[in-house]
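Contents: one structure, followed by commentary.
The values are calculated or read from the model by the stated rules, or taken from the named source; none is laboratory data. These figures come from a predicted structure and were not determined experimentally. Glycine gets a Cβ as well: all are built from the backbone with ideal geometry, and neighbour counts include every protein chain shown. When the accessible area is computed, the model is the full protein with side chains, heavy atoms only, and any ligands, DNA or RNA have been set aside. Shrake-Rupley method; radii C 1.70, N 1.55, O 1.52, S 1.80 Å.
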Amino acid sequence: MKVTIQRSDRLQSYEVPVLAESMTVMNVLDYIYQNLDHTLAYYRHSSCCQAACGRCVVNVDGVPVLACAKEVPPETVELLLTPARGRVIRDLVVER
Amino acid sequence: MIQREVVETDVLIVGGSGAAITAAVSARSEGARVAMAVKGKAANSGNMIMVGGGLSIDGESAKQLLHKEDANLAYTKRSLFEKLVTSSFWLGDQEMQRQFLEEGPLGIRDVMRWADEAGNSPFQFKPQACRWLTSGGAFKRALKHGLRTDADGVEVFEDTVITDLLTSGGAVCGAIGYRVYTGELIEFHAASVILATGGYQPFSLKCTNSDMTGDGIAMAMRAGAEVKDMEFLLFIPILQEPTRFRGSLLPFLMTMANVFPLAFVPTDLDGQELAYPEDARYHPAPEDMKVSKLLMSYFYGKGMYQKWDKHGNRFYFDFSKYSDQEILDGFAAFAARYGKWHGKNMYHHIDLLDLARAVIANKKRLMVGMGNEYSMGGIKVDTAFAATVPGLYAAGEVTVGLFGAFRSGDGLVEMVANGRVAGKSAAHYAAAHERRMPEDAEQRARELLQPLERTEGESPIGLRCELERICDEGFNFYRDGSRMQTAYDALLRIKERAEHLYAPGGRCYNLELLNAVSLRNLLLCCEVGLFSALSRKESRGCHLREDYPMVDNENFCFSYTAKLVDGALVYGKSFPKAAAFPLEHRNFANVADCIADTILRREQA
């Protein structure tokens with residue numbers, strides 16, 4: 001799966017394997033950060049990963065979703081992640 | 001000198017969940033100037049928002065304080081006290097346990113008032129068990145209202161990570177940290193500090209907020225405070241798969257017959273049943289369901305541990321005795337119960353009918369594991385919630401003493417009961433003591449920035465993932481000496497590598513810097529926890545050993561303590577006092593028998 005992320009200064013693409021039969025956008029971001037790029041910024045401090053805190057909003061193909069709750073089907077070929085509405089702090093992190 | 005913003009206050013509270021907010025309300029009511037530093041958002045962080053069940057208090061308090069005329073009066077403070085003592089496996093502090101039963105209902109009364117005033121927070125009372133069913137969402141709305149209405153004037157610093165306490169002359173007099181979004185350093189000068197930062201959950205499978213990295217416990221140790229009972233970590237069945245729902249505590253709710261209508265068969269991944277005896281003495285009544293967490297850890301763990309190298313922390317809830325329709329109906333009935341809090345057919349982000357279909361598609365099996373829910377160990381405090389270092393207070397899961405080797409009370413009640421007292425105590429201390437100028441602020445600031453200044457080194461997230469793997473393998477809910485020793489040795493190697501952490505990319509929302517802070521704290525907590533676990537050559541509460549199954553009251557009815565002296569860990573022992581309830585001197589063949597005989601009081605057939 002090709003994952004393209006709007007970084008602070010550029011679009012950057014990563015090749016991410018199918019991690020599981022079902023995974024979330026947060027799983028994809030965690031994989032990139034842990035394995036491919038330690039400088040990626042996405043909301044991950046004080047995070048619940050259960051859609052309880054509502055803070056990990058990101059746009060998937062232009063639509064705002066909670067990264068921890070939005071499923072990424074295994075057949076996905078391309079994924080475009082951009083910051084949600086708001087003042088961008090860094091990469092996908094917006095002030096909320 | 002490293003540039004940093006300075007904030008002066010009387011009482012600094014670190015944390016933003018239930019204990020922190022009730023402490024803020026309490027300290028403000030004593031007239032103190034209060035600042036709160038919250039890693040995330042106030043009333044929207046910590047484990048409070050993850051709550052899946054509810055809370056209970058004694059019947060008399062429910063009737064007198066909360067006006068529940070139908071409350072079960074047989075549910076007395078005395079019976080709850082005895083339950084706390086025995087469930088702690090006699091390591092709990094009996095004075096703290098008595099105080100908890102007095103302060104808890106008062107704190108809950110405040111929360112209920114805030115919930116009523118907020119107008120949108122359903123709490124459903126179940127009179128027989130004196131229990132209110134609620135959700136994390138309902139609880140956080142109540143606390144948010146309380147912070148706004150009853151703690152007027154509290155300065156709240158959100159998205160601010162506190163990295164170390166500051167000291168002067170051996171007393172705590174502030175804290176230092178940074179703003180996550182900008183990386184700007186911030187230094188608090190305070191007459192007293194309350195840590196309300198939660199516990200530590202160092203495993204890959206957990207149902208808790210990402211904040212649970214032992215920050216407060218480790219910071220307190222670096223400031224000279226003593227901790228204890230760090231080997232006791234509580235586990236419950238939580239979801240392993242589907243991956244998108246991993247970490248949910250839903251499976252634990254499925255173990256309650258009065259909540260979830262389908263009865264599963266627990267099996268290992270080869271389909272072999274994980275034997276849980278039919279004997280009634282091991283089957284708690286609904287009002288004792290908390291202890292089922294420990295009984296499941298014991299009985300399922302015995303079976304799972306035989307194949308740990310093959311399957312690890314994974315097993316099935318097998319529903320294959322039901323038809324597809326029965327499974328769908330069962331999940332729908334469960335959904336109806338929780339719909340008022342989570343929305344139609346939902347439990348948090350889980351579409352329950354979607355999950356039921358996933359179970360059916362997986363040969364009617366749900367893959368679960370024993371995930372970490374809570375840590376009993378933490379900062380040693382007295383009944384004023386004062387730590388062993390002057391000026392330092394603590395509240396909630398970050399503390400130790402109330403629950404000993406196993407938590408039988410409610411975390412929500414613990415938060416508010418502790419927060420009330422800690423806030424008052426810290427305010428009184430602040431009123432009686434001048435604010436001091438920290439001696440170590442510059443040094444702590446340099447330590448914080450080191451990972452940013454290196455040009456190469458170890459990745460904090462890389463080491464953190466390694467630490468989780470080590471704990472998964474050797475410090476999990478079922479243990480033996482060999483695995484723990486391997487884990488401990490591996491941890492020490494990580495500790496050496498963690499001296500060279502590297503966080504590239506500048507200060508602004510730097511996840512590697514955040515993980516550098518968390519890793520340092522988790523490492524210290526795990527080192528103490530593993531060392532204590534290795535030393536405890538018996539089983540007790542949540543410390544379940546394959547090689548030492550006996551509850552050995554003759555030789556181990558004490559807590560392991562630890563503190564840092566000149567940078568080195570010094571371990572000790574702390575013996576419980578029988579203030580109002582006798583200690584147990586008999587040994588028991590295993591934890592399950594101990595539970596049956598002393599907590600459930602079931603005679604052997």
Worksheet item: Rounded to the nearest 5, what % of the DSSP beta bridges within chain B are antiparallel ones?
Response: 70
Item to complete: Can you give me the three principal axis dimensions of region B:535-591 from its C-alpha atoms, in Å, biggest first?
Response: 40, 33, 17
Discussion item. Students often get this wrong, so check it: of B:41/B:77; B:537/B:563; B:206/B:302; B:63/B:380, which have C-alpha atoms separated by over 25 Å?
Written reply: B:41/B:77; B:63/B:380
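Find out how many positive minus negative residues lie around residue A:83, taking Lys and Arg as positive, Asp and Glu as negative, among other residues whose Cβ is under 14 Å from that of residue A:83.
On the way: positive: A:7, A:10, A:55, A:85, A:87, A:90, A:96; negative: A:9, A:61, A:91, A:95.
Net charge in that neighbourhood comes out at +3.
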Worksheet item: Taking θ as phi - 60°, what are the ³J(HN,Hα) couplings along region A:34-46 by the Karplus curve (6.51, -1.76, 1.60), each to the nearest whole Hz, with x for Gly and Pro?
Response: 6, 10, 10, 7, 6, 9, 5, 10, 8, 5, 8, 9, 6
Item to complete: Just need the Rg to Rh number for region B:443-574, please, alpha carbons only, Kirkwood Rh.
Response: 1.06
Item to complete: Could you work out, residue by residue across A:30-41, how many beta carbons of other chains sit within 10 Å of that residue's beta carbon, and then give the average as an integer?
Response: 4
Discussion item. Could you compute the net charge surrounding residue B:133? Neighbours are other residues with a C-beta less than 13 Å from the C-beta of residue B:133; K and R count +1, D and E count -1.
Written reply: +3
Worksheet item: Counting only the heavy atoms of the protein chains, how much of residue B:206 is accessible to a 1.4 Å probe, in Å² to the nearest 10?
Response: 40
Fill in: Per residue convex hull volume, Cα atoms of region B:55-94, in Å³
73
Item to complete: Would you mind giving the mean number of other chain beta-carbons within 10 Å of the Cβ of each residue in B:235-247, as a whole number?
Response: 4
Worksheet item: Across every pair of different alpha-carbon atoms, what Kirkwood hydrodynamic radius in Å does region B:356-514 reach?
Response: 20.0
Fill in: Principal axes of region B:1-77: Cα extent on each, largest first, Å
63, 31, 17
Item to complete: Would you mind calculating the relative contact order of region B:247-309 from Cα pairs under 8 angstrom and at least 6 residues apart, reporting the percent as a whole number?
Response: 28
Worksheet, complete the sentence: Reduced to Cα centres, the span from region B:8-71 to region B:361-385 in Å works out to 21
Discussion item. Leaving out ligands, DNA and RNA, and with a 1.4 Å probe, what % of the accessible surface on region A:2-94 is carbon or sulfur?
Written reply: 50
Practice prompt. Report the local net charge at residue B:186: Lys and Arg +1, Asp and Glu -1, summed over other residues whose C-beta lies under 13 Å from its C-beta.
Written response: -3
Worksheet entry | Interchain or long-range residues, amide H under 5 Å from residue B:7's placed H | B:187, B:188, B:189
Discussion item. I need the fraction of alpha carbon pairs in the protein assembly as shown separated by more than 40 Å, rounded to a whole percent.
Written reply: 26
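Per residue, how much space in cubic angstrom lies within the convex hull of the C-alpha atoms of region A:2-94?
Per-residue hull volume (Cα only) is 91 Å³.
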Fill in: Cα pair distances exceeding 11 angstrom across region B:463-510, given as percent
69
Discussion item. Out of all Cα-Cα pairs in chain B, roughly what percent, to the nearest whole number, are more than 31 Å apart?
Written reply: 48
Worksheet entry | Heavy-atom accessible area order for B:292, B:482, largest first, 1.4 Å probe | B:482, B:292
Response to the item:
Short to long, in 10 Å steps from zero, the percent of alpha-carbon pairs of region A:49-91 per bin is 27, 52, 20, 1
Fill in: Over region B:234-372, volume per residue of the alpha carbon convex hull, in Å³
111
Fill in: Computed helical MRE - 222 nm, chain B, DSSP H runs ≥ 4 contributing -39500 (n - 2.57), nearest 500
-12000 deg cm²/dmol
Worksheet item: Rounded to the nearest 10 Å², what accessible area does residue A:65 show when all protein chains are kept and the probe is 1.4 Å?
Response: 20
